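Novice: Before I ask anything, let me first share the structure, which is written out below as structure tokens.
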Amino acid sequence: MKTDTRHASADDPRVFLDEQVGIFEQIPPYPPQTEREAEFYTLRDGEMFINIGPHHPSTHGVLRVIMKIDGENVVDLDPVLGYLHRGVEKLCENADFHHTIAYMDPLEYVASLFCEWPAVMAYEKLLDVEVPRRAEYVRVLTGELNRISSHALAMGFHALDLGGLTPILYSFIERDEIVELLASITGQRMLFNYYRIGGVNGDLNHDFMSRLGTWMSRAATHIEANTGLLNENEIFVRRNRGLGAMDSQTALRMCWTGPNLRATGVPFDIRRAHPYSVYPELDFDVPTRSEGDALARYLIRIDEIKQSLRIIDQCLHEMPDGPITAKLPRLLRPRPGRAFASVEGPRGEYAIYAVSDGTDQPFRFRIHDPSFLHLQSFNLLMEGRLIADWMAINASLDPIMGGVDK
Amino acid sequence: MDRALARRLEARFGTMLAGRARQRHDETEIRIAASDVPEVLRALHDEPEFGFELLADLAGVDTGEVMQVVYHLWSATSPDWLRVIADGLPREAPRAPSVTFLWKGAEWLEREAFDMFGITFEGNRDLRRIFMPPDYTSFPLRKDFYLADDAARSPGAGVRHMERTHEPTNTPDDERLRRVRA
Amino acid sequence: MTVVARTWNRLTLPGKVVFTVVPLLVVLAVALVVALALFGEAVLEILGANLPIVRFAVAATAILLMTIPTAFLIIYMEMKGIALMNLRIGPDRVGPFGSLLSVVHGLKVLMKEDFTPTGADPTVFTLAPVVVYLSAVMALLVIPFGPGLFGVDMNIALLYFFAVGGLTVVGLLMGGWASFNKYSLLGGLRSAAQIISYEIPLTLSVVGVLILAGTMSLNQLVQNQAGWFTDWYIWQQPLGALIFFIAATAEANRTPFDLTEADSEIVAGFATEYSGMRFGFFFFAEYVNVFIVSALMVTLFFGGWNAPFPFPATSLELDPASLGIGLLLLIAIVPVVATLVFAAPFWLLRPAWPAWYGLVIGFVLFNLVAVAAVVGWAYVSFDWVAGLVWFLVKTYFFVFVFVWMRGTLPRVRIDQLMNFAWKWLMELAFINIFITAGAILVIDALSSGS
């Protein structure tokens, strides 16, 4: 540490800093390292940098975006990630297989079950374990409930970022009921830690079934009422129509998945394209729209909620009896090898690539998150738009920074 | 397990594959050298008999002996996931070609592999750190990265004395490096 | 330490306040009484000679003091109203149904740390909230709250009102610029663009009313609308009223036009760097602005302080002094008897409750009835009470409409907002003027021809 050129900080004279913090700091405080950085950080006449986040009401987490603006027009932007980077992949390399499932929950914390699911699927492939059918149905049921709660939250925050204070509270009524349902079987309202290798951690109980029945009977009308607040609202529609339009070829090149990709016209849903669990036996549609703008992404989420309700209905009717976990030894030693598992989460394809070396700890545990790739496309979507449009686009893409930053 | 896919791959890429295409459950895996990556992936992406349009994942792997870049692809022509392992990158200065010419979305995935492993992707316009701060010097997911030593080496200006609570250990790399034949 | 110092250290904060303030008040009261006794006559003579100035000073002070409770009330309405629209409860704990919460907020902003950010221009930074607040208060000087209840009756009152309303822009720009913060700068510029854009439809939309009334004096305008509610200008100028309402929403920076303080985009806009009482000034100024535009809407289009239908002139001749000693007996007996009378039903029908419940309920009900009786007598006896009541009822109805819009609507974007102002509202306002002028010409021609 340099001890001869230390300056007292202006905020707290007991703290000494190596460099004096000036008011006019360079952005960035180091010379540009790549061509893109050099291109981005050169200012033309009339442009200035503004920093959105990481502490911001609309960034859906700790996302920092450095925008180059010319008045209200956004000329360019550079998302800076890593504010929520917790080193989950490294942590998982030093943890047992069972512990890694608990590490998976806080990644996409609003859709935790979809984070656990590919992990347990990858382990089941490495251990060659077959999951009992009842467990698969329970996984699908709870997963679809989690999808509805995640989409309800996404819609609420979409409206909140545009200034509507009310729809979020209406969608949180649904979300609250669903997390209470899931709490009655998993014990947790949010980071569930419910799926286990070979099944789930506890059967459905009477409390869950009765509350689910009550909720299902009014869920559809509630969703209609909630969406009625926004779908015909002139201001909401005008803010969203035509905004952030992406065509299908570009979306595939940007590696988009999930509702954002389906809004551009590509009917890719992993539940249909590469079926897993008991989805081949269930009957549901894959909503697809072709406009690719923010309004299409919003409407697709509503359609997906309705399809999820259909799936839950079928699960309830067709659920078989049987064990809910497979019989496994206490100390798991999978075969050395590699496994890749991918599920359709509410934001897109959530995937795990696990490399095992024969011990009870994974050797490499790669987490693939869909929001990471959606955030990459801001430059394309923000051509010639205003600052306020960034909020709307961000809300319609619905990223969750826990997954982006791992 | 799509045997037809394995046959097509071996027929098309023959000598470029190191060994046969291996299959387990619903995945097919091929290994290629890092220098063949652009040609193989372009063939997989563009040719209609393959049509692997969707890049599901791009990961770096440090096996303890070599580094690998692992691509996962999906195609409508096959019910399997295709795993392409670009093998044999040296651990000291790993370099691999970039696939941003096919999928622009791979730019950030390659940035992440660079940040975590130090794999330099030639052809990526924006290869800088993505999660760690830009002046960070280590590559966290490498097998010789030991967190306490890294924290002990870091500058830790002013009040952050916690990061200097212990001096770096001098355990030789061989003893604590985990390895896998992967 | 001395006894005084030790005692002072042992006191809590409220104790310190009491022990400081009470002696001061006592000294002030004594001084006031002495001064009145010595100089009372002379002062009254001087005041009597300059009555208009005295009247203006009293009115200005009253308005300044009145803005604070008004802001408190509107803040509470907004918090509670939006909460109920959001299916929440809102303020609940402080006072009955949380009604004292805004008072507590007001005290809280006084007690916050007062700092100026590094790099900010301290003079401009401090003056910006003052300018915004004063422009709001100055606009209240011309609004007629009742017959005879106005600050100044100018014959260019409406013009003065719009001129003073434009001062807000200066204050917002000062706040945005002096904060040394790019978000604040954006917010200040957005607000300047928005307010200036909507000044034009705002002023044009009332030109129709001006043509009809022939005067800019707000007092005269209200008197023109006396009589039945069909005499109100809303029926003759519906388009003008609509344009005025929309432009006024934008002038007051309310949703759906609240992008200057869009808290999901630029955090708090021009007010990002403000805290404590400076932010309190901005905050109050916004709600006083809401009150002002509602008041102006009511004055121009909804009859001001006129009742919807003319009440027959009644007069209650009450002369309590004539009762003599009976008055004292009345004051002693009536509350007790009324409490018992109101408590009786609860005693009879709810035997499970303790006896004192009934007494408390009875006393509360007696108080309510007594207050209602006094208000009713004041309403009937003084015309300004009646006017004030109607004015406040109508104004707070429009305040509630603003609160309602905030809870329901999302926000527009700056370019959509400017488009709307310049391409739609201004044209509609012009069309409104032409139609009004044309209609007047036609009606005049018809009436003079026939």
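Novice: Please verify whether region C:21-33 includes one or more residues that are among the aliphatic types (A, V, I, L, M) and touching a helix residue (DSSP H, G or I) at 6+ places or on another chain (Cβ under 7 Å). Break it down stepwise before answering.
Specialist: If we filter region C:21-33 for residues that are among the aliphatic types (A, V, I, L, M), which is where we start, we get C:21-22, C:24-33.
Checking the rest, the ones that are also touching a helix residue (DSSP H, G or I) at 6+ places or on another chain (Cβ under 7 Å) come to none.
No.
Novice: C:P354 versus (1) away from chain A (no Cβ under 14 Å); (2) in contact with a Pro (Cβ under 7 Å, 6 or more places away or on another chain): which is the lone unmet condition?
Specialist: The number of the failed condition is (2).
Novice: Please determine whether any residue of region B:129-142 is in contact (Cβ under 8 Å) with a residue 40 or more places away in the chain, within 26 Å of B:R22 (Cβ to Cβ) and more than 12 Å from chain A (Cβ to nearest Cβ).
Specialist: No.
Novice: What single numbered condition from (1) more than 26 Å from A:L160 (Cα to Cα); (2) in a loop (DSSP other than H, G, I, E, B) fails to hold for C:R88?
Specialist: Result: C:R88 fails condition (1) only.
Novice: Considering B:A18, B:A6, B:A43, B:A56, which residue is within 21 Å of the chain's Cα centre (by Cα) and part of a helix (DSSP H, G or I)? Spell out how you get there, then give the answer.
Specialist: Numbers: B:A18 fails: part of a helix (DSSP H, G or I); B:A6 fails: within 21 Å of the chain's Cα centre (by Cα); B:A56 fails: part of a helix (DSSP H, G or I).
When all the criteria are applied, what remains is B:A43.
Novice: Give region A:222-279 a look and list any residue that's within 30 Å of A:G163 (Cα to Cα), more than 14 Å from chain B (Cβ to nearest Cβ) and β-branched (V, I, T), or say none.
Specialist: The answer is A:I223, A:T227, A:I235, A:V237.
Novice: Kindly check whether there is at least one residue in region C:58-81 that is out of contact with any Cys (no Cβ under 9 Å at 6 or more places or on another chain), free of Cβ contacts under 8 Å to residues at least 40 places away in the same chain, loosely packed, with under 12 Cβ neighbours inside 10 Å and within 14 Å of another protein chain (Cβ to nearest Cβ).
Specialist: no
Novice: Is it true that A:E136 is in contact with a helix residue (DSSP H, G or I) (Cβ under 6 Å, 6 or more places away or on another chain), in contact (Cβ under 8 Å) with a residue 12 or more places away in the chain, of a type outside the set (A, V, I, L, M) and away from every other protein chain (no Cβ under 13 Å)?
Specialist: In short, no.
Novice: To continue, here is another question. Return yes or no: is A:V120 within 19 Å of A:I197 (Cα to Cα) and at pLDDT 90 or above?
Specialist: Details: within 19 Å of A:I197 (Cα to Cα): yes; at pLDDT 90 or above: yes.
Considered against the rule, which asks whether it is within 19 Å of A:I197 (Cα to Cα) and at pLDDT 90 or above, A:V120 comes out as yes.
Novice: Is it fair to say B:Q23 is within 12 Å of chain A (Cβ to nearest Cβ) and closer than 22 Å to B:F145 by Cβ?
Specialist: Numbers: within 12 Å of chain A (Cβ to nearest Cβ): yes; closer than 22 Å to B:F145 by Cβ: no.
No; evaluated as a whole, the condition is false for this residue.
Novice: Quick check on region A:65-93: of everything there that is outside any strand (DSSP E or B) and either without any contact (Cβ under 8 Å) to a residue 40 or more places away in the chain or away from every other protein chain (no Cβ under 12 Å) (or both), which residue is nearest to C:A193 (Cα to Cα)? Explain how you work it out, then say what you get.
Specialist: We begin by selecting, within region A:65-93, every residue outside any strand (DSSP E or B); these are A:71-72, A:81-93.
Subset that is either without any contact (Cβ under 8 Å) to a residue 40 or more places away in the chain or away from every other protein chain (no Cβ under 12 Å) (or both): A:71, A:90-91.
Details: A:G71: 12, A:K90: 51, A:L91: 52 Å.
Of everything passing the filter in region A:65-93, A:G71 is nearest to C:A193 (Cα to Cα).
Novice: Still on this structure, please answer the following. Looking only at residues in region A:33-45 that are more than 9 Å from chain B (Cβ to nearest Cβ) and part of a loop (DSSP other than H, G, I, E, B), which one is surrounded by the fewest Cβ atoms within 10 Å (Cβ to Cβ)?
Specialist: Ranking the qualifying residues of region A:33-45, first place goes to A:D45.
Novice: Quick one: A:D96 ticks every box in (1) farther than 26 Å from B:F145 by Cβ; (2) more than 8 Å from every other protein chain (Cβ to nearest Cβ); (3) not polar (S, T, N, Q) except a single one, so which number is it?
Specialist: Tallying (1) farther than 26 Å from B:F145 by Cβ; (2) more than 8 Å from every other protein chain (Cβ to nearest Cβ); (3) not polar (S, T, N, Q), A:D96 fails exactly one: (1).
Novice: Any idea which of C:T116, C:T67 is touching a Pro at 6+ places or on another chain (Cβ under 6 Å) and either farther than 30 Å from A:S171 by Cα or of a type in the set (S, T, Y) (or both)?
Specialist: Details: C:T67 fails: touching a Pro at 6+ places or on another chain (Cβ under 6 Å).
Going through C:T116, C:T67 in turn, just one is touching a Pro at 6+ places or on another chain (Cβ under 6 Å) and either farther than 30 Å from A:S171 by Cα or of a type in the set (S, T, Y) (or both): C:T116.
Novice: I'd like the full set of residues that are more than 10 Å from every other protein chain (Cβ to nearest Cβ) and β-branched (V, I, T), limited to region B:49-99.
Specialist: Hits for region B:49-99 are B:V66, B:V69, B:T77, B:V84, B:V99.
Novice: When you look at C:L425, is it in the same structural domain as C:G208 (by TED's automatic domain parsing), under 29 Å from C:L87 (Cβ atoms), of a type in the set (A, V, I, L, M, F, W, C) and buried (at least 20 other Cβ atoms within 10 Å of the Cβ), yes or no?
Specialist: Values: in the same structural domain as C:G208 (by TED's automatic domain parsing): yes; under 29 Å from C:L87 (Cβ atoms): no; of a type in the set (A, V, I, L, M, F, W, C): yes; buried (at least 20 other Cβ atoms within 10 Å of the Cβ): yes.
So C:L425 does not fit the description; no.
The values are calculated or read from the model by the stated rules, or taken from the named source; none is laboratory data. Remember, it's a predicted structure, so these values are computed and weren't measured experimentally. Counting neighbours? That spans all protein chains shown, and the Cβs are built from the backbone with ideal geometry, glycine included.
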